[in-house]
Amino acid sequence: MLDGLNSFNQSDIPKHIAIVMDGNGRWAQQRNKPRTYGHKAGVDALRETIESCAEIGVEALTVFAFSSENWLRPVKEVDVLMNLFMVTLKSQAKRLHKNNIRLLVIGDRSRFSGSLRNKIKEVELLTASNSGMSLVIAANYGGHWDIEQAAHKMVQKSLDSNVPISKLNLEDYLSTSGLPTLDLFIRTGGEKRVSNFLLWQIAYSELYFTDTLWPDFDKQDLVSAIESFSSRHRRFGKTDEQIDQST
Ligand code: FPP
């Protein structure tokens, strides 16, 4: 058992981790509080996870903050989530920048208020040249949406440049293009599904599911997920012998 973040070898550390931060509502209900109380506690868990990932040398952390389907939740809850996003961006921008973290927001922004869109742009610009970890917030994001928008961009590129579409790579047009390949996909809250998150990117990721509710997710849970990742034997479709020869 590894006792902390500093016990890992570089090769044990996933370059890119994605997290479905599930369980905020149940966490709040267990405490007889409104679901929104759980989302607020979820922001604290997120802050701790960002700092742990940066400390350990993860290159990119992508978190599912709001799915395309979350608009179907009660209006009040949607409003709280949007407001939390705005407040968190405002309060954390300087801290992210000071920690050399680059913020990127992926997803369809067209349904967000003008002020939220402007704030997102402002923090992305502020942190654009940072060379540390990339923090990617998926907001109004869906895996189907991502593949569709990438296909549209790729067709447009082919038309504009006369490059045959067969010579272009869809991956270059996904909202995660330029980020390292997704190594580890974590979902908290006990459900074992992908829920339309990073569908293309997940192709060779290791999947890790935990019953821990997101607001309770801490450094030790992250260590457990990375320990599990480092014990997996990744073959990427090849045989064991081929993998042994290439190392
Ligand atoms: C899922 O829990 C969580 C969400 C839909 C929102 C995640 C948001 C945060 C952690 C905080 C906001 C993030 C930012 C970037 C400011 P759930 O509500 O589905 O929980 P349940 O399954 O217990 O009902």
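The values are calculated or read from the model by the stated rules, or taken from the named source; none is laboratory data. Note that the coordinates shown come from a computational prediction; the quantities given were computed from them, not determined experimentally. Glycine also receives a Cβ, built like all others from the backbone with ideal geometry; neighbour counts cover every protein chain displayed. Quick note on the areas: whole protein, heavy atoms, side chains included, nothing else; ligands and nucleic acids left out. Shrake-Rupley method; radii C 1.70, N 1.55, O 1.52, S 1.80 Å.
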I'd like the residue in region 47-69 that is open to solvent by 30 Å² or more (accessible area, probe 1.4 Å), at pLDDT 95 or above and within 10 Å of the ligand (Cβ to nearest atom) and, out of all such residues, is nearest to the chain's Cα centre (by Cα). Ala65
What number of residues within region 210-240 are of a type in the set (A, V, I, L, M, F, W, C) and under 12 Å from Leu184 (Cα atoms)? 4
Residue, surrounded by the most Cβ atoms within 10 Å (Cβ to Cβ), within region 70-112, restricted to residues that are without any contact (Cβ under 8 Å) to a residue 24 or more places away in the chain and charged (D, E, K, R): Arg73
Please indicate, with yes or no, whether at least one residue in region 88-102 is within 8 Å of the ligand (Cβ to nearest atom) and assigned to a helix (DSSP H, G or I). yes
Name the one entry in Thr210, Thr188 that is within 12 Å of the ligand (Cβ to nearest atom) and touching a Ser or Thr at 6+ places or on another chain (Cβ under 7 Å). Thr188
Based on what the data block shows, is Pro180 touching a residue at least 24 places away in the same chain (Cβ under 8 Å) and either assigned to a strand (DSSP E or B) or touching a strand residue (DSSP E or B) at 6+ places or on another chain (Cβ under 7 Å) (or both)? yes
